[in-house]
Amino acid sequence: MSTSVFVATGQEVELLERFNQNQHQGRDGQASAAREIREKFKTMSSNKLSPQFWNISDIFINDIISHFAYTSYLEIGIGEGLNFARVRCETKVSVDISPGNNPISTPMHVMSSDDFFAMNESNFDLVFIDGAHHSEQVIRDIENSLSVLNSNGMILCHDVNPGTEEMQIVPRVQSEWTGDCWKAWVRCRSTMNDLSMLTLDVPYGMGVIAPGASPNPLDPIHEANLTWPNFVANREKWLNLVSLGQAAELLLHVSSAHPGVRR
Ligand SMILES: C[S@@+](CC[C@H](N)C(=O)[O-])C[C@H]1O[C@@H](n2cnc3c(N)ncnc32)[C@H](O)[C@@H]1O
């Protein structure tokens, strides 16, 4: 297994431990630890954060839900269900190909995302795509999510910023794995210029599709050029990589009057 690019510092580990402890001490304690971590994210690039931080997605998911007053949330791929359990939203729907092994990890729909979208009749404000990590599947998940997204809705797409070559190889060669979700993201960035797509610089990268045409679209990229060396050389531009602090500025200024992203 290759070494992670993320480096844990003492301060960071302490913050993480406090966050984990505070989860058992009620919402106030958790919220204050979350605020502290968010402040830290604003000034730190993901290559200074440890991989344990991957599981704080719910902090900004809950921020987005509360800021935009979203009422419906869909998570594709819930794994252990820890993120899904922490998300606060009026209507939550979970889908996973695996049945889980306890109440938290048991999805409402035990099926593939393709099968779910084929039978689903609901629309959603926020979709979190974190299922199969193969680019072709991620593209289908993005397209299907766009077709069920409410106007002014948003899509989040995990694992679009792998730190090492090994962690993005398909099929999987090590436990720390993003798959080649980045290829799906870059392809969509270069073909869906009517969408605003940015990547939060958090561990493994969280892609965000928000209403509005991209201010910095990508020119079409030939499939043959989607190689690891090219990705490393063009990472920031291809992903539209922004810090959590910058993203907050960008996302919070999305106009509620915008027609939205649904297709
Ligand atoms: C990385 S885990 C999800 C983690 C979770 N979102 C979280 O933040 O805690 C990926 C999950 O996707 C599920 N999965 C894989 N392929 C899938 C597919 N085609 N459709 C739906 N779920 C899938 C796996 O069973 C696994 O539980």
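Derivation of every value follows stated rules applied to the coordinates shown; laboratory data play no part. In this text the structure is predicted, and so the values were computed from the model without any measurement. Using ideal geometry, Cβ is built from the backbone for each residue, glycine included, and neighbour counts are taken over all protein chains shown.
Between HIS222 and ILE104, the C-beta separation translates, for a Förster distance of 41 Å, into a calculated FRET efficiency of about 0.40. Our estimate of slack between GLN174 and SER122, defined as 0.36 nm per intervening residue step minus the Cα-Cα distance, is 15.1 nm.
FRET efficiency for the pair ALA213 and THR71, taken as 1/(1 + (r/R0)^6) with r the Cβ-Cβ distance and R0 = 30 Å, rounds to 0.70. Label-to-label distance, ASN230 versus GLU90, with points set 7 angstrom from Cα along the beta-carbon direction: 4.5 nm. For region 218-234, the residues whose backbone nitrogen is under 18 Å from a point 7 Å from the Cα of GLU165, taken along Cα to Cβ, are 224-234. Amide H contacts for GLY212 (H built 1.01 Å from N in the peptide plane; partners 5 or more residues away or on another chain; cut-off under 5 Å): SER196, GLY260.
Could you check what % of the DSSP bridge pairs in region 55-252 are antiparallel, to the nearest 5? So the antiparallel bridges in region 55-252 amount to around 35 percent. Distance from the Cα centroid of region 185-229 to that of region 85-130 is 25 Å (rounded to whole angstrom). For region 55-252, a Kirkwood radius taken over Cα pairs fed into Stokes-Einstein (4 °C, viscosity 1.567 mPa s) yields D = 77 µm²/s.
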